């Protein structure tokens, strides 16, 4: 029974003898499972970072820069967000609709398995950077 766990000598290219020891199957499986768990934790950490950036750029950056443009008499071009400004509360309706949209997208990404769940926050980051930059250019009258 222990003979399959005995070291086996192998010849390397430099004529040195290397000794390899076979790993029993249960240990190999446990280590593989631990590696997969570590990878899943790292993936969750990266996804969390992307969501924080998405909230900063798309949630906060676009909203604040939009309010800055509105304060100078600017108009919202997105028809859904323009409709939200007409809700009771005005700017509060805008924030609530944007919060609902981000929440729905987060729920979709949360239940979406694998690396695909990163696509939604990455797209929100890109949209947020674009929208915030565009709003600031309009606010500063550079455009």
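Any read-out appearing in this document is the output of simple, stated calculations on the displayed coordinates, not a laboratory observation. Nothing here was measured: the structure is a model prediction, and the numbers come from that model. So basically every Cβ, Gly included, is an ideal-geometry build from the backbone, and we count neighbours across all protein chains shown.
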Fill in: Packing-based order for 74-82, 122-130, using average beta carbon neighbours within 10 Å, highest first
122-130, 74-82
Worksheet item: What's the extension gain from residue 112 to residue 83 if we count 0.36 nm per residue and subtract their Cα-Cα distance?
Response: 7.4 nm
Discussion item. Applying a 10 Å radius around every beta-carbon, put 85-93, 132-140, 51-59 in order of their mean neighbour count, most first.
Written reply: 51-59, 132-140, 85-93
Worksheet item: Once you treat every alpha carbon in the range 41-139 as an equal point and sum by Debye, what is log10 I(q)/I(0) at q = 0.21 Å⁻¹?
Response: -1.03
Item to complete: Using the number of other C-beta atoms within 10 angstrom as an exposure proxy, rank 62, 141 with the fewest first.
Response: 141, 62
